[in-house]
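K.L.:
Submitted below is the structure of interest, expressed as structure tokens.
Values quoted throughout were computed directly from the atomic coordinates according to the rules given, and no laboratory measurement underlies them. Keep in mind the model is a prediction, meaning the values are calculated, not measured. Note: ideal-geometry Cβ built from the backbone for every residue, glycine included; neighbour counts use all protein chains shown.
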Amino acid sequence: MDWRIGVIGTGAIGKEHIDRITNKLSGGKITALTDVNPENAKSAASLCGARIEHSDKDVINAPDVDGILVASWGSAHASSVLAAIGAGKPVFCEKPLATTAGDCKKIVDAEMNRGKKLVQVGFMRRYDRGYLQVKEILDGGKIGKPLMLHCTHRNMSVGENYTTDMAVTDTAIHEIDCLHWLINEQYVSAQVLFPRATKYCHPKLRDPQFMILTTESGITIDIEVFVNCQFGYDIECEVCCEDGVVKMPEPAFPTLRYKAARSVAMETDWKCRFADAYDVEIQDWINAAKEGKVKGPTAWDGYLAAVTADALVKAQGSGRVEPITTGPCPDFYK
Ligand code: NAI
Ligand code: ISE
């Protein structure tokens, strides 16, 4: 029997997930959904035939909903996730788990008090084939210990409502989660430099940004976040180790020879760039939930990311190197 899913937030990624659950993946079915924007709810309902509910709590408490998928704006995540934990239902929450470390901690505490893992956070890069290939090489140890990571996160453009801190909380949050998982180390400090601003950013946004994280053993990580780069969606990750360097593969496109030029296309947005990773991530969530388990990135991972994001946002303002203190991982999440 299909596992019955209720969706909260049916905008860009909400609709993407509804489409993949309805038309690509197996074992799940959307039975109810809600959105504060009725037009979005209506168009999402027409994709999957689900019932439209009035509020997130109505979705969460519906008897024909076994699990919840939260894809609303970040600021609305905490309240829906806490309500899902209260109802004892598994919940997949898009990143960020919550917009403050304090709210993430409330979710961690609620889940531990409930005594059962229920929360998976949408850090889908852990499911991406390229990152997994890099991780396998690093964990294999043949190129020695990591010393430096060079990463880029470039979006073609962003809207007027995208603010300087969102370069951390909305964009680099993916690297924040995925890089410490890649190298099995926690961060200890954060710094942000602002190069010359591009002419394409609106006056209130500082873009690009250069973020530097250091880890317990002194690995130095630089992340270029450039959200108005104009030319494509460009995610890179190179790890320089003692005995070699590993670079994440680029998505495959044919090389075109045409009019005295050689060119290779590239992705233009996250929907296509990480389509396979989202598929594996959501299928994994459904499969595990059907067995009564949650296997993916946890609420603790969401909390660690939020603490690091807080330090980077502080560093944006202070111009200094800011410490990152997370405390030990509770046994519940080990
Ligand atoms: P969006 O603005 O396209 O969609 C969000 C939807 O949530 C809107 O339809 C809005 O009306 C609805 N909404 C907001 N508050 C609500 C509430 N309290 N109850 C019900 N509906 C509510 O935004 P988008 O791009 O779909 O992002 C949604 C979330 O997914 C964000 O947290 C974002 O960071 C994350 N995201 C993750 C990506 C990834 O790569 N994993 C990619 C894009 C977004
Ligand atoms: C968006 O919310 C995402 O999560 C995308 O993966 C990221 O590339 C983009 O910068 C964010 O705005």
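K.L.:
Work out from phi, with θ = phi - 60° and the Karplus expression 6.51 cos²θ - 1.76 cosθ + 1.60, the ³J(HN,Hα) of each residue of the range 54-60, listed in order in whole Hz, and give x for Gly and Pro.
P.N.:
The phi angles translate into 6, 9, 4, 5, 5, 5, 4 Hz.
K.L.:
With angles folded into 0 to 90 degrees, how steeply does helix 12-23 sit against the dominant principal axis of the chain? Use alpha carbons for both and round to 10.
P.N.:
It is inclined by approximately 60 degrees.
K.L.:
Which value, in debye to the nearest 20, gives the size of the charge dipole of the range 1-153 about its Cα centre, when Lys and Arg are +1 and Asp and Glu are -1 at the Cβ? Each step should come with its number before you reach the end.
P.N.:
Values: 21 positive and 17 negative charges, 111 e Å.
The calculation lands at about 540 debye.
K.L.:
Can you pull the Rg over Rh of the range 120-160, Cα-only, Kirkwood? Could the numbers behind the result be given before it?
P.N.:
Details: Rg = 14.3 Å, Rh = 13.0 Å.
Answer for the range 120-160: 1.10.
K.L.:
Counting helices only, and only those DSSP H runs with n ≥ 4, report the 222 nm mean residue ellipticity of the chain as the sum of -39,500 (n - 2.57) divided by its residues, in deg cm²/dmol to the nearest 500. List each step's numbers first, then the result.
P.N.:
Working: 10 runs with 119 residues, N = 334.
Rounded to the nearest 500, the figure is -11000 deg cm²/dmol.
K.L.:
Bin all alpha-carbon pair distances of the range 204-334 at 5 Å intervals from 0 and give each bin's fraction as a whole percent.
P.N.:
Result returned by the calculation: 2, 7, 10, 13, 16, 18, 16, 9, 5, 3, 1, 0, 0.
K.L.:
Taking the simple approach of a point 7 Å from Cα along Cα-to-Cβ for both Lys116 and Lys42, what is their distance in nm?
P.N.:
Reported label-point gap for Lys116 and Lys42 is 3.8 nm.
K.L.:
Express the Stokes-Einstein translational diffusion coefficient of the range 1-84 in µm² s⁻¹, to the nearest whole number, given a Kirkwood radius over alpha-carbon pairs, 37 °C and a viscosity of 0.692 mPa s. Intermediate results must be reported in sequence, preceding the final value.
P.N.:
Working: Rh = 12.3 Å.
Translational diffusion coefficient: 267 µm²/s.
K.L.:
Top mean-square fluctuation among Gln283, Gln230, Gln120, Gaussian network model of the chain, C-alpha springs under 10 Å?
P.N.:
Maximum among the listed residues: Gln230.
K.L.:
Any idea how far the Cα center of the range 41-115 sits from the one of the range 129-199, in Å?
P.N.:
Each part reduced to its Cα centre gives a spacing of 27 Å.
K.L.:
While we're here: Express in nm, to one decimal, how much length is gained between Phe231 and Ala261 on full extension, taking 0.36 nm for each residue of separation and deducting their alpha carbon distance.
P.N.:
Numbers: separation 30, 0.36 × 30 = 10.80 nm, distance 1.74 nm.
Value of the extension gain: 9.1 nm.
K.L.:
Only Cα pairs within less than 10 Å get springs; with that Gaussian network setup on the chain, which residue of Thr34, Thr99, Thr198 has the largest fluctuation?
P.N.:
Thr198
K.L.:
Continuing with the same structure: Considering only Ile219, Ile68, Ile143, give the residue with the highest GNM mean-square fluctuation for the chain, with springs between Cα atoms whenever their separation is below 10 Å.
P.N.:
Comparing Ile219, Ile68, Ile143 in the GNM, the peak value goes to Ile143.
K.L.:
Okay, moving on. Could you give the nm distance between label points at Val245 and His150, where each point is 7 Å from its Cα heading toward the beta carbon?
P.N.:
Distance between label points: 0.5 nm.
K.L.:
Which residues' amide hydrogens lie under 5 Å from the amide hydrogen of Cys241, considering only partners 5 or more residues apart or on another chain, with H built in the peptide plane?
P.N.:
Those lying under 5 Å, H to H, from Cys241 are Leu147, Val246.
K.L.:
Among all stretches of the chain without exposed GluC sites (Glu not before Pro) (DSSP loop, at most 12 other Cβ atoms within 10 Å), which one is longest?
P.N.:
1-159
K.L.:
Give me the orientation-averaged projected area of the Cα convex hull of the chain, in nm², one decimal.
P.N.:
Working: hull surface 75.4 nm².
For the Cα atoms of the chain, the hull's average projected area reads 18.8 nm².
K.L.:
Near the amide H of Ile30, under 5 Å away, which other amide H atoms are found, from residues 5 or more places off or on another chain, if H is placed in the peptide plane?
P.N.:
Sorted by chain and number, the residues that satisfy this are Ile5.
K.L.:
While we're on this one: Per 10 Å bin, what is the whole-percent P(r) computed from every C-alpha pair distance within the range 267-310?
P.N.:
25, 32, 38, 5
K.L.:
Is the shape of the range 159-255 rounded, prolate or oblate, going by the alpha carbon gyration tensor and its root eigenvalues a ≥ b ≥ c, with a/c under 1.5 for rounded and a/b larger than b/c for prolate? If you can, show how the numbers build up before the last one.
P.N.:
Values: a/c = 2.22, a/b = 1.32, b/c = 1.68.
Taking the square roots of the gyration eigenvalues as a ≥ b ≥ c, the range 159-255 is oblate.
K.L.:
Taking +1 at the Cβ of each Lys and Arg and -1 at the Cβ of each Asp and Glu, which of His153, Leu118, Thr215 sits farthest along the dipole of the range 104-223 towards its positive end, judged by Cα position relative to the Cα centre?
P.N.:
Value: Leu118.
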